[in-house]
Structure formats: structure tokens, C-alpha cells
Amino acid sequence: MGLSQTLAISLAGLNATQTNLSIIAGNVANAQTPGYVAQSAVQVETSAGSGDSVQVTSINRLLDKYVQQQLWTEQAGGGYADMQANLYQQLQQVYGQPGSGVTLDDSFNSFTSAVQALSTSPSSTAAQTQVVGAAQALAQQLNNATTYIQTLRTQADQGIATDVQNANNALQQIAQINQQLSGMTINDSTTASLEDQRDQYINQLSQLMDISVVHSGNQVTVFTTSGTELAGMQASQLSFNATGTVTATEQWNADPSKSGLGTITLTPPGGSPIDLVASGEIRSGQIAAYLNMRDNVLVKAQAQLDEMAAQMSTALSNTTTAGTAVTSGSQAGFDTDIGSMLAGNTIQLTYTDSANVQHNVTIVAVDDPSALPLSNSTTANPNDTVIGVDFSGGAASVAAQLNSALGADGLQFSNPSGTTLRILDDGTGAATVNAVSSTTTATDLTGGSGALPLFVDGSKPYTGAITSAGSESVGYAGRIAVNPALVANPSALVDYSAQTASGDTTRPNFIYDQLVNASLQYSPSTGIGGSASPFQGTLADYLSQMVSMQSQAATNATNLQTGQDIVVNALQTRFNSTSGVNIDTEMANLLTLQNAYGANARVMTTVKQMLDALLQM
């Protein structure tokens, strides 16, 4: 090997060492930089005449892509768990801190205690006023709880809007960096830096929604976990139409014509828009948590409050009257008066068919024909068949509609006179009418019975009416109020008619019994109880179940957050250990390079001395 070849080899070694030293300097300088992945030089052996040399061909990132993909997946779960736990903790304020004296339980107990005191002193003006005040406090707390829940839903809606905007920015940046990298064939510090930046945007995106990332050379393509492309060389566009202030009656629906809330739409470059919410494409991340809270958890929380308000109102205002047994030749059945029935009031019909199978039918009065037909889920009883009937045309029209619906079952409906509805078997033995009753709502404080419209919907009696816009029960907890006529005249808590004797306890006892002892059946749509076995119990039982259920859900959300944070932190630590900068390793590499640099320098010095000697000769 000649001196010139030796010199060339040493020079190549010095150049490679200098490149490595530069990489180490960059690694150390960026050790605390978020998202920075440690770099290393790729060296190859090359031939230099009859000798061997070294050359740095590229700069690689020390990246464990498998751990990185796992981290992105779990970060979506972490974002979901963190946001859901946060909103659940805020939701607990609706029910109040146990022992604070201002919980829903406390307000309800104060109301029942005031009614109990009135039962012992019905003539006491102070006791009457105390009941009205306690009822107002309970109604106000239900109003405030509704306002708070809808504030949380509004917060979630706004959170979706912000996250969609951030996701769009991340997708655009990923696509732009892909375009920049597409023109670079050599891996150097510039390409490594661009890939670090791109990974940071993917990292941001993974916290917002669940994604899948596919690598191809220095390019990546980002998909939803179900396979819809989000970003490659071009970015898809996400759009979301925020509602502003969300109310209880505004709910999301997969049918845009029925939805009161915004959805997330993905528009691919040159493609057709996709509703990511309706298609279930977003299953994790902060956005999924916001959607779940806005459209499911908080909607059910509101429904539970609405059910509490509705059951309490109807327990005090509704009266069920058994039908009068009648016969007509060989036919037998019952008459019931439907003259005082309001939209939402019901007729309960029980009959047995020829196979000795008993059927329960709930006939619901409806004033809006566009709301028909009704779903069987309209009532809490899973064994009921629900039939909605337009009552606006009078008793004869009601009979005709019921003949059309149930005539084939061996039943006959007629309107013999006035507002009487007659329900008979058809005399052939195809059916036997077992019982008929009607449930009506008291609208007058002096209606002659214990029932009274103590709580009202704004200013009108609450009946649970159903229209094309939905049930009156939706959002009722936010509108429930004490009857203004009762506020003006608290003595109506005792005086149920013009002839009520002084000290009569009929109405106070009725109110107390309905609040404390009446066993009611609650709609399973609230999430309390199942469709096959709805929750049944007193108002206090239901309230306790509701608070307990929400408390347990909040605890579960916190536990999920804790567990998910452990997983994310463990993966982050593992990722940092393999792809982050290790100062000890860099210092060891630095010492090795210093020795290599010194050795190459000594070779060059020796070659110089030898050349100088040759020149002197």
C-alpha cells in the first residue's frame, strides 16, 4: 500500500469520525427536545486501491416502530380515558356532595318532611308555606342540574370543534412533510428532522382519535382503525358544525333530518364525504370521549333527572279510574269515560285470547297524528303493547281507530254516548275483556280528590304528551316548577274542594303516601333497570339508585384513567429507552470516536513525516 493510499484511508476515517461527532453533538443537544429520536451514522466499508476505507452513507433514526405504533394506539385510549374521567368528575356536581345538605337527596327529603309536618298540622299556614318552599327548592335544584348537564354537553360540543380543528392541522402537516420527503432520496439530518416533526403531528393526532399508520420508505399513510385514509401525500378534510349552546331537546341522530347536533364529516381529496360518527369510525381518543359524553352519558344523566321529575309530577297529579262493567247481549266488557283525558294520558286494557294468553295494551292519547305510530318502549312495562290514538276527533273517532287496530283480536270498540268509550268482546269467544281503566291528569287544584297538579311544565300540567318533536318528558327536569296557582294559594295543599273541612288530612296524606310509599315503574331508557325488568320502587329508591349509579360510573372512569395512564407511561418509557437519547451511551461513543480520530490523525502525521523525509532525500 502506497503512502497516498494510506493518506486517503486516514482522511476518509477522519471524515467519518467528524460526521459521527456531529451526530453525537446533535443528539446531546436535543436530549430534552420533545419528539426527538436519537440518530446514528450508517458506515460501509469501501475499497481504496489495494486498501479498505470507510464511508458514511446515511443517517438513521434509532426508532422502534413497533413500540411507536403501540404508543400511538394506547395514547388514543389515554386521551379517551382522561377526558371521560374529567367530565364524569364534573358531572358529580349535579348530585351534590354527600353530607353537604344541598344534594338532590337532601332536597327531596326536605320536601317529604315538610309534607309530613303538614299532615300533622293541615291548618297551619306556616306548614303549608313550608311545603311550597321545599317544593320550589327541589324544582329549582332539578332546573339547575339540567342547566349544568347541558353546559357539560355544550362544553363537549365545543371540545369536538377544537379537536377537529387540531386534527385538520395535524393531517395537513403530515401530508406536507410527506411531500417534502418524497423528493429526498438520501437519509441525512434534514430528513431525520422532518420525520421527527411528522411523528410529532401523528402523536398529536393519536391523542385525538384512534389511527393506524403504515410506513413505506420515508413515507407514511395515516388511516382510521377501520381503514379510511386520513393523510398520505394529501390530507383529508374533517368538518364539524358546532351547535353553540346545547339544550336537552337537542340530540344527535344518524338521520341528519332528525339530528339536532353536529356530526364529523370526512372529505377525502376528490372523494365523497363520510359521516365518521354515523359510521362508527371514531372509537377512541379525546374526540370519541367528547362524543360519548355529549350523545350518550350526559343524555342518559338528563333522562334520569327527567324521569325523576316526570314520575314525581304524575304520582301527585294522575288518577286511575277502573272501568264500569257492561254487557250487550252475549258481549261483555267495560265502559270508561275519556272526556277528561289529555294528550299523554292512557287507557289500560287487559284481555285474554282464545288460546288463554293474556295481553296488556296501553292506549296512549295523542293530539299530533304525525307522532303515530308509537313504539312499545313508550311505557316502562315490557309486556305492554302500546297503541297511540289520535284523540282530537272525539270518542267516536277513537273507537274507530281502536277497531282498526284491535278488531281482528276479537275486540269491539264503540261510543254509545257522550265521551264514553265502550270496550266489549265480539261475542264469539275469540277474546275476553278482563279489565279496563283510564289514567287522567288533574288540572285543577280543587278537583275533589287528593290528586293535584303540584308540579307543572312551565305553567301547564305535565301529562307526558308525545308529539312529532318527541316526548314532553325530554328536558322536563329543566322546566319543572311549582304550580303558580299553588304558590299564590298554599291552602290548596289541604283544600281539595270547596267543601273541604278544616283540618282535613286527605290531600296531605295522599301527597305524602305518593312521595314516600308509592311503588312506581321507571323507564329503562334511562339506563336504570333493563327492558325485560324495569326498575320499580319509590321515588326515594329511584333517586338513590340514580346517584349510586352515577357515582359508580365516575369511579369506573377514574379507574380506567389510572390504568390507561400506567400503560401509556410504560410504553413512553420503553420508547424513550430505545429511541431517545441516552447521554451515557453518547459519551461512551464520543470516547471511542476520539480514539479513532487520534489514530487517524497519527497515521496522517506519520505519512507526512515520511513524505517530508522522501522529499529531503
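How many residues, within the stretch 410-420, are surrounded by 16 or more Cβ atoms within 10 Å (Cβ to Cβ) and out of contact with any Ser or Thr (no Cβ under 7 Å at 6 or more places or on another chain)?
6
With (1) in a helix (DSSP H, G or I); (2) modelled with pLDDT under 70; (3) surrounded by fewer than 19 Cβ atoms within 10 Å (Cβ to Cβ) as the list, and Q116 as the residue in question, which single condition is left unmet?
With respect to (1) in a helix (DSSP H, G or I); (2) modelled with pLDDT under 70; (3) surrounded by fewer than 19 Cβ atoms within 10 Å (Cβ to Cβ), Q116 is out only on (2).
Being of a type outside the set (A, V, I, L, M), under 32 Å from the mean Cα position of the chain (by Cα) and more than 14 Å from L515 (Cα to Cα) is the filter here, so list the residues in the stretch 107-139 that pass it.
Scanning the stretch 107-139 gives a single hit, Q136.
Tell me whether the stretch 171-178 contains one or more residues that are free of Cβ contacts under 8 Å to residues at least 40 places away in the same chain, in contact with a helix residue (DSSP H, G or I) (Cβ under 8 Å, 6 or more places away or on another chain) and assigned to a helix (DSSP H, G or I).
Yes, the conditions are met somewhere in the stretch 171-178.
Among the residues of the stretch 200-253, count how many are of a type in the set (V, I, T) and within 30 Å of E307 (Cβ to Cβ). Spell out how you get there, then give the answer.
In the first step, residues of the stretch 200-253 are kept if they are of a type in the set (V, I, T); the result is 202, 211, 213-214, 220-222, 224-225, 228, 243, 245-247, 249.
Next cut, within 30 Å of E307 (Cβ to Cβ) only: 243, 245-247, 249.
Result for the stretch 200-253: 5.
Looking at (1) surrounded by fewer than 16 Cβ atoms within 10 Å (Cβ to Cβ); (2) over 26 Å from G339 (Cα atoms), which is the only condition S468 fails?
Only one criterion in (1) surrounded by fewer than 16 Cβ atoms within 10 Å (Cβ to Cβ); (2) over 26 Å from G339 (Cα atoms) is unmet by S468, namely (2).
Consider A170 against the criteria (1) modelled with pLDDT of 95 or more; (2) farther than 25 Å from D64 by Cβ: it satisfies all of them except one. Which criterion is unmet?
Exception for A170: condition (2).
Would you check which residues across the stretch 518-528 are in contact (Cβ under 8 Å) with a residue 60 or more places away in the chain and either in contact with a Cys (Cβ under 6 Å, 6 or more places away or on another chain) or outside any strand (DSSP E or B) (or both) and list them?
Once the filter is applied, which keeps residues that are in contact (Cβ under 8 Å) with a residue 60 or more places away in the chain and either in contact with a Cys (Cβ under 6 Å, 6 or more places away or on another chain) or outside any strand (DSSP E or B) (or both), the stretch 518-528 yields A518, Y522, S523, P524, S525, T526, G527, I528.
Please specify each residue of the stretch 421-442 satisfying the condition of being buried (at least 16 other Cβ atoms within 10 Å of the Cβ), within 43 Å of the chain's Cα centre (by Cα) and not aliphatic (A, V, I, L, M).
S438, T439, T440, T441, listed by residue number.
Being touching a residue at least 60 places away in the same chain (Cβ under 8 Å), over 30 Å from Q136 (Cα atoms) and either out of contact with any strand residue (DSSP E or B) (no Cβ under 6 Å at 6 or more places or on another chain) or buried (at least 23 other Cβ atoms within 10 Å of the Cβ) (or both) narrows it down to one of A248, A309, A289, A315, so name that one.
Numbers: A248 fails: over 30 Å from Q136 (Cα atoms); A309 fails: over 30 Å from Q136 (Cα atoms); A315 fails: over 30 Å from Q136 (Cα atoms).
Only one candidate qualifies: A289.
Would you mind finding the one in V607, V581 that is modelled with pLDDT under 70, surrounded by 12 or more Cβ atoms within 10 Å (Cβ to Cβ), not in a helix (DSSP H, G or I) and not aromatic (F, W, Y)?
Details: V607 fails: not in a helix (DSSP H, G or I).
One residue alone meets the criteria, V581.
Name the residues in the stretch 329-344 that are under 19 Å from A395 (Cα atoms) and not aliphatic (A, V, I, L, M), would you?
Kept after step one, since they are under 19 Å from A395 (Cα atoms), are these residues of the stretch 329-344: 333-344.
Listed by number, the residues that qualify are G333, F334, D335, T336, D337, G339, S340, G344.
Can you find a residue in the stretch 503-517 that is more than 20 Å from G133 (Cα to Cα), assigned to a loop (DSSP other than H, G, I, E, B) and modelled with pLDDT under 95? Spell out the reasoning first.
From the stretch 503-517, those more than 20 Å from G133 (Cα to Cα) are 503-504, 506, 517; that's our starting set.
The next check asks that each one be assigned to a loop (DSSP other than H, G, I, E, B); those that pass are 503-504, 517.
Checking the rest, the ones that are also modelled with pLDDT under 95 come to 503-504.
Yes - at least one qualifying residue is present in the stretch 503-517.
Could you please let me know if Q128 is surrounded by 20 or more Cβ atoms within 10 Å (Cβ to Cβ), outside any loop (DSSP other than H, G, I, E, B) and in contact (Cβ under 8 Å) with a residue 12 or more places away in the chain?
Yes, satisfied.
If a residue has to be among the β-branched types (V, I, T) and touching a residue at least 24 places away in the same chain (Cβ under 8 Å) to count, how many in the stretch 179-207 make the cut? Full working, then the answer.
Step one: of the stretch 179-207, the residues among the β-branched types (V, I, T) are 185-186, 190-191, 202.
Next, from what is left, pick out any that are touching a residue at least 24 places away in the same chain (Cβ under 8 Å): 186, 191, 202.
Residues flagged as among the β-branched types (V, I, T) and touching a residue at least 24 places away in the same chain (Cβ under 8 Å) within the stretch 179-207 amount to 3.
Which number in (1) surrounded by fewer than 16 Cβ atoms within 10 Å (Cβ to Cβ); (2) in contact with a Ser or Thr (Cβ under 8 Å, 6 or more places away or on another chain) marks the one condition that Y95 misses?
Here Y95 meets the rest and fails (1).
Is it true that R283 is under 37 Å from the mean Cα position of the chain (by Cα), of a type outside the set (A, V, I, L, M, F, W, C) and not in a helix (DSSP H, G or I)?
yes
The values are calculated or read from the model by the stated rules, or taken from the named source; none is laboratory data. It should be emphasised that the depicted structure is a prediction, and the values quoted were computed from it without experimental measurement. Cβ sites come from the backbone with ideal geometry, for glycine too, and all protein chains shown count toward neighbours.
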